[in-house]
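Structure first, commentary second.
The values are calculated or read from the model by the stated rules, or taken from the named source; none is laboratory data. Since we're looking at a predicted model, the values are computed, not measured. Don't worry about glycine lacking a Cβ; one is built from the backbone with ideal geometry, like all the others, and counts go over all protein chains shown. The accessibility values were calculated without ligands, DNA or RNA, using every heavy atom of the protein model including side chains. Shrake-Rupley method; radii C 1.70, N 1.55, O 1.52, S 1.80 Å.
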Amino acid sequence: MAEVSSKPVPLLKDELNIVIPTIRNLDFLEMWRPFLQPYHLIIVQDGDPSKVIKVPEGFDYELYNRNDINRILGPKASCISFKDSACRCFGYLVSKKKYIYTIDDDCFVAKDPSGRDIDALEQHIKNLLSPSTPHFFNTLYDPYREGADFVRGYPFSLREGVPTAVSHGLWLNIPDYDAPTQLVKPRERNTRYVDAVLTIPKGTLFPMCGMNLAFDRELIGPAMYFGLMGDGQPIGRYDDMWAGWCIKVISDHLDLGVKTGLPYIWHSKASNPFVNLKKEYKGIFWQEEIIPFFQKATLSKNATTVQKSYIELSDQVREKLGPIDPYFVKLADAMVTWIEAWDELNTPSEA
């Protein structure tokens, strides 16, 4: 794809929504104005719906609070988390665009090693619009990037790649650590800028972070459910990772790709490790059984769509993870409710 220098027409301007979960005024958008202002924003307000969230002038947006979620989804609103950034997936549900970029309100514009501001969204779009290579690892990383290619020994039959469903970006400054790591390394900062984009190989899981993430909604949207977290739930801070495990199993099954690496954002502040530990406590134990479950999960040949695959996965969650804790039965039910809500709000023409 040709480099865009002056960017007269922003890439995918009419095909992409930006989803932001928040509980506060969105002053951080001022910094992002040169890059994000041309796009339509979907803001999902968490917490007290009577609080007024201020958005800087000039941004085109729609805002949904808990009252709106209850009104639009009715009884199915039970599948949308409250008092947790997992509420962002409501934005995925109501979007009508092909692509989604989601970003947290404590993420600022990062600079590359030359000191130039990084247009994170532009890089995500490049990642999504070029294929992935999950079946065979290319040692020069993304072969479709300018200045790279397939190395000697790479099978010609696999060089077409597969469609890219997800682009997972990274963070400078505050790394996305769990609470125990935060506690033992309170001053650690990520200063390493690695100029690379990798396809995550087929059969390999990864910890997906939702604060700098883009995806093709038509290819993988129904699987991008951030689970039941936060208020009234025994666990938090596993919302994006749960979605990541689900989308990876389904992407592998449907022959889709997931990329990680560029672009970087600047993660400005660390959350409280003691509060995080309280949220993560059960998850830290449970993940030792959840990960093997996803590693072994297989989907049948009848699972020909994301929705069918996700329903099959929910049945397995209920059967295999349910015995660990009743929460997983509740989560499996919510996964089904999510798909029902998706199908209700989105016409099946996508399939």
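Restricting attention to region 217-234, the residues being open to solvent by 10 Å² or more (accessible area, probe 1.4 Å) and either outside any loop (DSSP other than H, G, I, E, B) or under 20 Å from P180 (Cβ atoms) (or both) number 4. Inspect region 120-138 for any residue being within 30 Å of I174 (Cα to Cα), part of a helix (DSSP H, G or I), open to solvent by 50 Å² or more (accessible area, probe 1.4 Å) and not aromatic (F, W, Y) and give the result as yes or no. Among the residues of region 120-138, at least one is within 30 Å of I174 (Cα to Cα), part of a helix (DSSP H, G or I), open to solvent by 50 Å² or more (accessible area, probe 1.4 Å) and not aromatic (F, W, Y), which makes the answer yes. Within region 193-216, the residues that satisfy the criterion of being not β-branched (V, I, T) and not in a loop (DSSP other than H, G, I, E, B) are L198, N212, L213, A214, F215, D216.
Restricting the first member to region 133-146 and to residues that are closer than 12 Å to V162 by Cα, and the second to residues that are open to solvent by 90 Å² or more (accessible area, probe 1.4 Å), the beta-carbon pairs closer than 6 Å and six or more apart or on different chains are P134/K202; H135/K202. Looking only at residues of region 87-102 that are aromatic (F, W, Y) and assigned to a helix (DSSP H, G or I), we find that the one that is farthest from L129 (Cα to Cα) is F90. Considered as a group, the residues in region 321-351 that are at pLDDT 95 or above and part of a loop (DSSP other than H, G, I, E, B) include one that is nearest to A297 (Cα to Cα), and that residue is G322.
May I ask you to say which residue of V109, V52 is out of contact with any Phe, Trp or Tyr (no Cβ under 9 Å at 6 or more places or on another chain), among the aliphatic types (A, V, I, L, M) and farther than 22 Å from E344 by Cα? The unique qualifying residue is V52.
Determine, yes or no, whether A179 is farther than 29 Å from T298 by Cα, open to solvent by less than 10 Å² (accessible area, probe 1.4 Å) and among the small types (G, A, S). Yes; evaluated as a whole, the condition is true for this residue.
Residues that are within 28 Å of D14 (Cβ to Cβ) and open to solvent by 30 Å² or more (accessible area, probe 1.4 Å) were ranked within region 66-97; the one that is nearest to the chain's Cα centre (by Cα) is S85. Look at region 147-165: where a residue is farther than 20 Å from V249 by Cα and of a type in the set (K, R) and a partner is modelled with pLDDT of 95 or more and surrounded by 15 or more Cβ atoms within 10 Å (Cβ to Cβ), sitting 6+ places away or on another chain with Cβ atoms under 8 Å, you get R159/P143; R159/F150.
Among the residues of region 293-351, the ones that are among the β-branched types (V, I, T), open to solvent by 80 Å² or more (accessible area, probe 1.4 Å) and in contact with a Leu (Cβ under 9 Å, 6 or more places away or on another chain) come to 1 in all. Scanning region 191-216 for residues that are without any contact (Cβ under 8 Å) to a residue 60 or more places away in the chain and farther than 18 Å from A243 by Cα, which turns out surrounded by the fewest Cβ atoms within 10 Å (Cβ to Cβ)? For region 191-216, the residue satisfying everything is T191.
A residue that is at positive phi and among the polar types (S, T, N, Q) occurs somewhere in region 163-181.
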